[in-house]
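Quick notes on the structure that follows.
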Amino acid sequence: MVGIISYGAYIPRYRIKVEEIARVWGANGAEISKGLGVFEKSLPDMDEDTITISVEATRAAMARREINPVDIEAVYVGSESHPYAVKPTAVTVGEAIGATPVMTAADYEFACKAGTAAIQTSMGLVKSGMVKLSVAVGADIAQGEPGDALEYTAAAGGAAFVIGNDDPIAEINHTCSFSTDTPDFWRRENKPYPRHGGRFTGEPAYFKHVIGASKMMLEKMGTKPSDYDFAVFHQPNGKFPVQAAGMLGFSMDQIKPGLAVTYLGNTYSGASMVGLSAVLDVAKPGDRIFLTSYGSGSGSDSFDMTVTDVITSDLFHREAAPSVAALLADKKIVDYAVYAKHKGKVVMME
């Protein structure tokens, strides 16, 4: 059975409150926070990007379990903010963890679900016997144009999962996808900020695909929401995943452990991956996890997982790397001026 061998997350320390962003634009911060279900978001340090986040998350995964880097024969990094237009992020991650040169690697893009697409590819390679272990990363330094609605939630962070079939901490019972050409969000070449379809990003985009993939998974597995201990849905804000869960019949108790967006923001390709990491931080053997990601453009990947006894065995050490809760608690609040500098919104002359 293919599954998760180990996992790790990374969230930059710097945070800015939604009310501080609203103050700069003369908006009602309290009202916006309440409406979005987000109170603050993460932002990168001056020397942090998708590569450094991916490396830190992968190193955290390897710290939790004794893994020979030579056994990692594939690395895939999903993001919509790769530092280079032409130069892969994945090979730098592979080099940093000692997996090079005998490995296959690639960068993935599918808006916010590129990370879960990397998990699916990793599953196929492991299951076919082509590779022993594969690393799948979802990480982003999300972009939001100054003054745009996206600026209140676009955050930084990510998570990495080592996929294999020897003593996984969580078996992946099944995965399926629901994809259509729905242009709700896009960014053209050489454009610094994405565009979006406003309210169009909700009903015909996020909800159609998340609900579609989730119902497909429940039907394929012959399960119902009450059969799961935890559920994680893509988190562009604090409202959408709660609404989606309610529409499907999942309870707040099932989704709350993985709902990191409230004090993290939307980490795009890292959003559902960080949520899954938060669930694995507290999961017990036998727990069943339901996960559905979403990527604009549009598509959703759904997963059914069962936590194994390995998660509490001597093979795995959760305490060897920071939990998502610990990463969220370790923060430094900044004002908009520092935020603008860190995000490159202030461009200095060379």
Original post:
In the range 280-318, what count of residues is obtained for those that are farther than 18 Å from S214 by Cα and hydrophobic (A, V, I, L, M, F, W, C)?
Top reply: 8
Original post:
Just one of Y228, Y294, Y268 is in contact with a strand residue (DSSP E or B) (Cβ under 6 Å, 6 or more places away or on another chain), farther than 20 Å from F161 by Cα and of a type outside the set (G, A, S); which is it?
Top reply: Y228
Subject >> Residues of the range 252-269 satisfying the condition of being closer than 20 Å to S54 by Cα and either at pLDDT below 95 or part of a loop (DSSP other than H, G, I, E, B) (or both) >> reply: A260, L264, G265, T267
Original post:
Only one of (1) small (G, A, S); (2) within 19 Å of A142 (Cα to Cα); (3) part of a helix (DSSP H, G or I); (4) open to solvent by 10 Å² or more (accessible area, probe 1.4 Å) fails for G246. Which number is that?
Top reply: (2)
**OP:** Can you tell me which residue among I67, I4, I32 is among the β-branched types (V, I, T), open to solvent by less than 20 Å² (accessible area, probe 1.4 Å) and at pLDDT 95 or above?
**Re:** I4
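I'd like to know if the range 320-335 contains one or more residues that are more than 25 Å from Y152 (Cα to Cα) and touching a helix residue (DSSP H, G or I) at 6+ places or on another chain (Cβ under 6 Å). Please lay out each step first, then the result.
To start, the set of residues in the range 320-335 that are more than 25 Å from Y152 (Cα to Cα) comprises 320-322.
When the remaining residues are screened for being touching a helix residue (DSSP H, G or I) at 6+ places or on another chain (Cβ under 6 Å), the result is 320-321.
Scanning the range 320-335, I find at least one residue that is more than 25 Å from Y152 (Cα to Cα) and touching a helix residue (DSSP H, G or I) at 6+ places or on another chain (Cβ under 6 Å), so the answer is yes.
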Original post:
Of the numbered conditions (1) open to solvent by 20 Å² or more (accessible area, probe 1.4 Å); (2) assigned to a strand (DSSP E or B), D140 satisfies every one except a single condition; which is it?
Top reply: (1)
**OP:** Would you please name the residue that is modelled with the highest pLDDT, looking only at residues in the range 143-173 that are open to solvent by 10 Å² or more (accessible area, probe 1.4 Å) and on the phi > 0 side of the Ramachandran plot?
**Re:** D167
Original post:
Any idea which residue in the range 8-29 is farthest from A326 (Cα to Cα), counting only those that are open to solvent by 10 Å² or more (accessible area, probe 1.4 Å), touching a residue at least 24 places away in the same chain (Cβ under 8 Å) and part of a loop (DSSP other than H, G, I, E, B)?
Top reply: W25
**OP:** Scan the range 56-65 and give yes if some residue there is assigned to a helix (DSSP H, G or I), of a type in the set (V, I, T) and within 15 Å of the chain's Cα centre (by Cα), otherwise no.
**Re:** yes
Original post:
Which ones in the range 249-258 are out of contact with any strand residue (DSSP E or B) (no Cβ under 8 Å at 6 or more places or on another chain) and either crowded, with 22+ Cβ neighbours inside 10 Å or of a type in the set (G, A, S) (or both)?
Top reply: G249, S251
Original post:
Is it the case that some residue within the range 295-305 is open to solvent by 40 Å² or more (accessible area, probe 1.4 Å), modelled with pLDDT of 95 or more and not aromatic (F, W, Y)?
Top reply: no
**OP:** Could you list, in sequence order, all residues of the range 66-87 that are part of a loop (DSSP other than H, G, I, E, B), closer than 15 Å to G8 by Cα and touching a Ser or Thr at 6+ places or on another chain (Cβ under 8 Å)?
**Re:** I67
Original post:
Of all residues in the range 208-243, which are open to solvent by less than 50 Å² (accessible area, probe 1.4 Å), in contact with a helix residue (DSSP H, G or I) (Cβ under 8 Å, 6 or more places away or on another chain) and among the aliphatic types (A, V, I, L, M)?
Top reply: V210, I211, L218, A231, V232
Subject >> The lone exception for V162 - which of (1) in a helix (DSSP H, G or I); (2) under 18 Å from the mean Cα position of the chain (by Cα); (3) not small (G, A, S) it fails >> reply: (1)
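The values are calculated or read from the model by the stated rules, or taken from the named source; none is laboratory data. Because the structure is a prediction, the values reported are computed rather than measured. Ideal geometry is used to build each Cβ from the backbone, glycine not excepted, and the neighbour counts take in all protein chains shown. To get the accessible areas, we keep the full protein, side chains included, count just its heavy atoms, and leave off ligands, DNA and RNA. Shrake-Rupley method; radii C 1.70, N 1.55, O 1.52, S 1.80 Å.
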